[in-house]
Each structure stands twice: as C-alpha cells, then as structure tokens.
Amino acid sequence: MNVPTRFAVSSFLVCFLASIAAVAQKPALTLDEFFNSVSFDAVRISPDGHSVLIGVERADWEQNMYRRDLYLYRDAPVGGTLTQLTQSGHDGDPQWSPDGRWIAFLSERKVPAGKNRGLSKDDDAADTKDKEVTQLYLISPDGGEAFPATQGEEDVHSFTWAVDSRSLFYATRIPWTKTQKDAYKKDWKDVLEYRNSERGDEIFSLNVADVLAARDSKGTKPTADDDDATPGITPGATALARSDFRIEQIAASPDGKRLAFNTTPISERAEMIGEYEIYAVDLGNASPDRAPRRLTHNEAQEEKIAWASDSRHVLFHVPVGSVEGKYVDTQERVYWVDADSGATARWASTFDGTIAAYAGLPDNSAILTAGLGTEVNLYSQANPEAKFQALPGWHGTYGHVSTAKSSSRVAFVYSALDRPEEVYLAEGPGQLQRARPVTSFNKLFTERELPKGKPYRWKSSDGTPVEGMLIYPPGKFEAKGLPMLTLIHGGPVEADGDYFEADWYKWESLAATNGWLVFQPNYRGSSGYGDKFLTQIVPEIVSGPGKDILSGVDALVKDGVADPEHLAIAGYSYGGYMANWLITQTTRFKAAMTGAGAVEHAANWGNDDTTLDDAYFLGGRPWEAAQRYHDEAALFQMDKVKTPTHIVAGSDDIRVAVAEGYLLDHALHSLGVPSTLLIFPGEGHSLTKNPWHGKIKVREEMKWLEKYAGKPGVTSAGK
C-alpha cells in the first residue's frame, strides 16, 4: 500500500533534482563570446612588488582593430584595485622606472602632418599626410595623461631606463637629414629599392628632466631648420652608438656602466644568422663613431636580453639556432654571456624540455618557464651550474613571469583547459599555489560549460612514442565514437597542452563545444619532448610528422574513440603545411581547413621571412636538395586529393605568401575538388589587424566542417 506513495515521492524527488541540475547547468559558449576573450601581452611587477602593470589586448569591433591598453593593479589593505591606465588602443611594451615613479611605454599614434615630426607644412605631399609613428611615452602610475618623450619621423624600436631613473635610452633607425631625404627621393621617386634602401639603428640617451620640461613648455618643437638639419630628432637627445642592424632590445647594467643590445635584420627577414647577435656599449666613452663590442659569435638567434644583478653577465633566450656550434634547431634555451670574457653558459642544461622564458632575481638566480610534454611550469636555478628545480604549482601553463627588484613577489599569467587565463600575484616563488588573481577579464568563460581534455599517447608507424591532447565536447569527457577534428599546431617547434586560448588560431574549445572531439597531435618536431624528438623532423619536413599524425588517427579509431565516418583535419601556418600534405596521403578526412600553409617549398623558401629554418628542415637550399624539395611538396601529389578543402590567407603575408593559397585553390579547382579561398586584406601571417577577419575565418571553418564532415548538432556555433 505504501509502495505507490514511495514511488510518487521518489519520482517527485528525481524530477525536482533534475530540474535543479538543468537550472544549474552552465550555458554553452557561443562564437560571439569566444571572440571576446582578452589576452595579455605584458606583465611587469613594480620594483617594490606592490603594483602590477598589465598589457591587455582585446577586440574592438566598432573600430575594426585589436586594442592594446595598459592596466595597473595596486595593492590595498583589503584586496586590491585594477584601473585602466591608457586608452589610445595602441600602447604596449611597458617598463617601470627603477625608482617606480614613472612608466615608459611604446605607442603607435597618428601624428598630424608637420607636428612633432620636424616637418613643415610645405614639405612634399607625402609628408603632409598623417602618419602612424611609434614613439616613447611616459605616464605616472598615479594617473594623468600620457605624454611623448620622443618625437620624429622614425619609429622607436626599443628602449630602456637608466638605473638611476634619470635617463632613457632608445633606438631608432639612423635618422637622415632633409638633404639626404631629398636627394634619395629625387633619384628613386616612388620606386622601392628592396634591401638596399634600409639602414641600421642608432641609440640615443634622453634626460628625463628635459622631457618633463618639454611637457610643461607646451608647443616645444625642434629648432633645427637648415637644409642639413636632421628632421624630427628629439630635442636634447644624445647619440651614443650605431649598429648596422635593427636594435630589438636594450638593457642597462645594474651598475650603470654599460648597455647591452641585441640585433635583428634591418629587412626584418631571418635570412642571415649573423645578423642576430648581442653587443655592449661602455657608457663612459660611448660615441656613434666607436663600434660597439660584440659579445656573442654563434649561429643562434638571441632575444629577450637582461643583465644579471652582478652587472657582468647578460642573460638571453634562444628560440632557434645553436650557441654551441653549427646551426641546428633544438628546443628553446636560455644562456648567459660574460660581458668581459665572452664565455657563454647554458641554464637548465640537463632539462629535456623547452625553456620558453626567464625572469632574473636580485640574488643572481632565475625563475624559468619550462615546458615538458603538455605542461608548462615554473622552475628555479641559482646559476647555470646549480640544480634545476621545479617550483610547486598548479597543473597547466604559466607565462609572462615578472619578478620585483626589492620584493620576493612574483607576477605571472596562468591558464588551464578549464581555467581561462588571468594575471596572478604570488608572495614568492615558493608560494605559487597560493597566488591570487589580480584580473578577471575572462570571467565570462568560467560561467560557460568549457570542454575538458587529457593527454593521449600512441606509437607512430616506426614505434616512436608520440603524445597529443584530446579535447572532448562538454558533458562527453572520455566518451566513445565521437566525430573528430584533427587540429594541427604550427611552428613546428611548438606544442599543444593544458592551457586555455580563444582566438582565430586556437579554436579547439569552440569546435569541442559544437560536438567535435578535437585531437591535437604533438608530432615529431614539437617541443617539450627532447631535442632528439624535435630534430627527427629533418629532412622529412612533412612526410615524417605526417606519419605520426596519421598513426594517431588510426589509434583513436582503433580504440573506438573517434568515429571513422566523421573525420576532419585543420591547421594554420606549419599546421597548414601538414593539412595540405595529409590530404594527398589519405582520403579518410571528409573535410579540410587550411591556412597560410605552403604546397611547395622552392618559392616558399624565396618568399619566407624565416628561411633559416626552411633550409635546415629540408637539408639545404633548393638547388642543394632539389629532389627533397620536390618529394616533400604537396603540389606534386595533388591528383590524389578528394577532400573538400577550405583555404584562408593574409594578403600581405611574407612568411607564407598568399600565392601558396592561390596555388592550392587553383590545383583543387582544376581537379574538381570542392574548395573555397578567403583572402584577408592587410593581414600578414598572423591575423592581427582586424578582429573580424579571425572571427569570419573560424565561422566559415565551422560551417565547412559541418557541411562536409557531418554536423554533430550539439549546439549552435553562434551568430
């Protein structure tokens, strides 16, 4: 008799709890929300450790641009405050003055014709148009308007503070006098004299007191007006040194006696490894007529320089090339060079992963950002010979680490697959797990049902162990028989792992939200798995990694994880190379989406702005390895392609020329294979000019994916 009653009550409870669960379930992420994510391009903790300067980048849909603004977090007795410091949308690369009183940053703002450029209104027509020039600005951390510290018609490439905060050092292209400019224009008119028209950089010093005086004296302009005057040089600036190359970064030694700087090619094309080196300038006898002393002599690309606290060693990061010998691409490394003897030493020399970045500490030790497998964590090391130790922290990915001059505090960016990136502040290197967030720009993503993922391991066709990531649709973690998108990372010296990113390049979260299992293979050539694993890509630049990827797809189908009737492939940059190649090797993929990927290597070698690694990966220049250039090119196997292919390219891409996209589309069209080609105007290799381009890219890729590979029908992709 009581059974029906108990049954009724039980049914009521089940329904009631189910309704609560339905209400509590987070909504799915939409396309519009996905592209409103915020990223961080700089984190700088103040010298006293009580404030954090943050570079923020976000889409401005009305202005058709990505905004770059500076925010400032300040400690407070209870919690803290975060305020927007600049609002031009063009501000980045900030640096605190050593005394903490000022913040200097670079800003590309439009300068009216003839104003603050050292030009008169009656100059030629080309000089009477508004021009965007990158100049050095100052702003107080207490607020107020930012004001320019430099002026002129040459972009400021790099800068640093003097250790006493009284001066700034900055680099621009070597300025020309009006006479030099007029003579050149008379000879060449509007003709581009490729390569030969470039010139190196010059380093200047500028007294901060003079900058403040100029700010207070409104209307201050350059006073040199004769024909031999150099137009637009900042008043009071003193030339210290010259380089035949572009100066990427400047660093002042803690004792105030020397500057170090590293160079890049004036053409901004990585063609000659000798154009990347580190130099030193003795401030006691600095002069543009005195050649800077070269500290490094190697076949590596040096970047991210900083003086150690001993004022003797200069730390630097190497993304490609070799410090020890002949050019070879290994995983990223960190070194320091003795500015007196020129001797170099490698940090974390026994670590088998990749060292992405570092931050020096006052005691001459360093915190290093290191990737191993699918994790990027923080490590510490007292010196290159000391033990390399992992710091206790969260699983996931750390980046943009910043340390304070007079505090143990550490600021950094952190994210994981289900934790969108934010900026955090820890009381010390050993207290990362108790770090507190100081931003909440991406809070919306925590209110959405985000996909979950895990590493996946398999063996390639030759028995080599390979790892990647599986990103599951929300609510289907570790489910079987799922439609699968193989999304291939670029680089190739890169790796997918446990981190959150939402943009035109990393759209796995959106694909998973729309019902796709996303497979991200870390094929041979990827970082985080040892130098041997990385270098096995040579000289089979696509066919070698291609076998790793296809064997991973085979393993997932065999394990019952992936549905063999609903397979798709996508990739951008080197991932585009791989997608182009793989559709010539198999017809199992029902749809392909490729972007900025080459289909041949000879013309791409000539157009590419990073030809150093192209020739290395293929075993030589085109005439030195002609057969391999042919065999590793998708173009010569296009007759095997049956996969409908969606192609995108930037019109101004010089890394993988837009011609490669036209070539692929023409080949597919001639074969009767469904294809479409989108060209984004004004974009280079990365789609950073207009956020609508990236949004349209992914929107159309999602449509192509569903049209040809089968629509899972879990949720809408949004507008």
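Taking every alpha carbon pair in segment 389-435, what does the distance histogram look like in 5 angstrom bins from 0, in percent?
P(r) over segment 389-435, rounded to whole percents: 5, 22, 33, 25, 10, 3, 1.
Please report the Cα spread of segment 571-706 along all three principal axes, rounded to whole Å, starting with the longest.
Principal-axis extents of segment 571-706 (Cα, largest first): 42, 34, 20 Å.
Out of all Cα-Cα pairs in segment 538-647, roughly what percent, to the nearest whole number, are more than 21 Å apart?
Counting every Cα pair in segment 538-647, those more than 21 Å apart make up 35 percent.
Rounded to the nearest 5, what % of DSSP beta bridges with both residues in segment 347-448 are antiparallel?
95 percent
For the chain, give me the percentage of DSSP beta bridges that are antiparallel, rounded to the nearest 5 percent.
Approximately 80 percent, going by the DSSP bridge assignments.
Determine, for HIS685, HIS630, the number of other Cβ atoms within 10 Å of each Cβ, and report the residues in order from fewest to most.
Lowest count first: HIS630, HIS685.
On C-alpha positions alone, give me the angle between the axis of helix 178-188 and the longest principal axis of the chain, in degrees, nearest 10.
For helix 178-188, the angle is close to 50 degrees.
Taking neighbour counts of Cβ atoms within 10 Å as a proxy for exposure, in what order, fewest first, do TRP336, TRP394, TRP161, TRP623 appear?
TRP623, TRP394, TRP161, TRP336
Starting from 0 in steps of 20 Å, tell me what percent of the Cα-Cα pairs of the chain lands in each bin.
16, 48, 31, 5, 1, 0
Rounded to two decimals, what ratio of Rg to Rh does segment 384-521 give with C-alpha atoms and a Kirkwood Rh? Before the final figure, lay out the partial values.
Details: Rg = 17.4 Å, Rh = 16.9 Å.
Result for segment 384-521 is an Rg/Rh of 1.03.
Kirkwood Rh over alpha-carbon pairs of segment 450-709, then Stokes-Einstein at 37 °C and 0.692 mPa s: what D in µm² s⁻¹, rounded to an integer?
181 µm²/s
Kirkwood hydrodynamic radius (Cα pairs, Å) of segment 476-605?
15.0 Å
What are the residues whose amide H is under 5 Å from the amide H of HIS566, where those residues sit 5 or more places off or on another chain and H is modelled from the backbone?
For HIS566, whose amide H was placed from the backbone, the distant partners under 5 Å are MET484.
Once a ≥ b ≥ c are taken as the square roots of the eigenvalues of the Cα gyration tensor of segment 126-210, is the result rounded (a/c under 1.5), prolate (a/b larger than b/c) or oblate (a/b not larger than b/c)?
Since a/c reaches 1.5 and a/b is larger than b/c, the shape of segment 126-210 is classed as prolate.
Which angle between 0 and 90 degrees, to the nearest 10, do you get for helix 658-671 versus the longest principal axis of the chain when only C-alpha atoms count?
Orientation of helix 658-671: about 30 degrees from the principal axis.
Quick one: 3J(HN,Hα) in Hz for segment 350-363, Karplus 6.51/-1.76/1.60 with θ = phi - 60°, rounded, Gly and Pro as x.
9, 7, 9, x, 10, 9, 7, 6, 8, 9, x, 10, x, 8
Over the alpha-carbon set of segment 551-591, work out the extent along each principal axis and list the three values in angstrom, largest first.
30, 15, 14
Provide Rg and Dmax in Å for segment 444-532, with only Cα atoms included in the calculation.
13.5, 45
Using mean Cβ contacts within 10 Å as the protection proxy, how do 94-102, 403-411, 573-581 order, highest first? Mind showing how you got there, number by number?
Numbers: 94-102: 18.7, 403-411: 20.2, 573-581: 27.7.
Packing proxy ranking, top to bottom: 573-581, 403-411, 94-102.
In whole Å, what are the Cα extents of segment 347-448 along the three principal axes, biggest one first?
46, 34, 17
What is the mean projected area of the alpha carbon convex hull for segment 636-698, to one decimal in square nanometres?
Over all viewing directions, segment 636-698 projects a mean Cα-hull area of 4.4 nm².
Quick one: TYR279, TYR194, TYR137, fewest Cβ neighbours within 10 Å first, how do they rank? Spell out each step's value before the answer.
On the way: TYR279 21, TYR194 8, TYR137 24.
The most exposed by this proxy come first: TYR194, TYR279, TYR137.
Readers should treat all values here as calculations from the given coordinates under stated rules, not as data from a laboratory. All values derive from a computational prediction rather than experimental measurement. Using ideal geometry, Cβ is built from the backbone for each residue, glycine included, and neighbour counts are taken over all protein chains shown.
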